[in-house]
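Notes follow the structure.
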Amino acid sequence: MTAKKTIKEITIMWKEDKRKYVKSSTYSAYALILENHILPMFGNKYELLENEVQEFVLQKLQKGLSAKSVKDILIVLKMVMKFGVKLGILSHQDWCIKFPTPQENKQLNVLNIANHKAILQYISEHFTFRNLGIYICLTTGMRIGEICALTWDDVDIVNGVICIRKTIERIYILDGEKRHTEIIIGTPKTQNSIRDIPMNKELLKMLRPLKKIVNGKFYVLTNEEKPTEPRTYRNYYKRMMEQLNIPPLKFHGLRHSFATRCIESNCDYKTVSVILGHSDITTTLNLYVHPNMEQKKRCIDKVFKSIK
């Protein structure tokens, strides 16, 4: 085995190797996890035992991190450790980390049908470019970064589709001890996220006259050559929801609401998955489909009708 190195020293080599293969936003996320969580706890160690990692997980959960966030940290830690094993610096450690049984099933909320309609109706009667973005998200399931990056050239009126080719996000840049953020425009989340989404008749009717007069290079949300960033747009969305007296819902809940409406309308799961840009249909089913009480009642009614 090669001469021993600390976890911090292995991390430095891993980051240099990883930088060549991942998007800058992904690299930035890895670097933040390392700096904020992994290195403060394990940086000076030469090896990690299962009980140490298990205790680390429980501490993070007790401090309020979600199970998903802790699992993301573990993914990065395991990649670093695997890299060390590959270089012959570390010996293989096969951990079996346990998570406490969740006390409740936490799901993102979705809009009910009445509120979904109310928002669409309000935007139809109070048009602004920023309002238009919310309308598009509710009728296509686009992510916030995708709608912020959308330009008029991405709106294909002839074929009636919106072409998703880019996304906007603010990332942290770690430069030694200094940290700053930057807005970057890059490719969507995954290869499957590069997609074309059909527009419904109402959206197409709204956009057709605009396409005749707008600059194709301008961003849809601003109708200017400069975009707005997701954080700013989330704040705008929150104010609009308050104005409409609609219960608080994260912006990502619009995407969940769209998916749920699709399933309620008996769209097949595979098609919904492709529209959302998922590579795996189980992601759509597990995260974006939220049967409401009416659906549950209809389901039970069908069962007993079939018995009768």
Condition test on LYS60, is it of a type in the set (D, E, K, R) and under 19 Å from TRP14 (Cβ atoms)? no
Name the pairs whose Cβ atoms lie under 9 Å apart, with the first residue in the range 252-273 and over 29 Å from LYS238 (Cβ atoms), the second outside any helix (DSSP H, G or I), and 6 or more positions between them or separate chains? TYR269/VAL289
Here is a list: LYS308, LYS297, LYS226. Which entry is in contact with a strand residue (DSSP E or B) (Cβ under 9 Å, 6 or more places away or on another chain) and either farther than 22 Å from CYS148 by Cα or modelled with pLDDT of 80 or more (or both)? LYS226
Is there a residue in the range 248-268 that is of a type in the set (S, T, N, Q), under 21 Å from ASP154 (Cβ atoms) and more than 15 Å from the chain's Cα centre (by Cα)? no
Check CYS163 against each of (1) at pLDDT 95 or above; (2) outside any helix (DSSP H, G or I); (3) more than 27 Å from SER28 (Cβ to Cβ) and name the one condition it does not meet. (3)
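The values are calculated or read from the model by the stated rules, or taken from the named source; none is laboratory data. Predicted model only: the values in this text are computed from it and were never measured. Ideal geometry is used to build each Cβ from the backbone, glycine not excepted, and the neighbour counts take in all protein chains shown.
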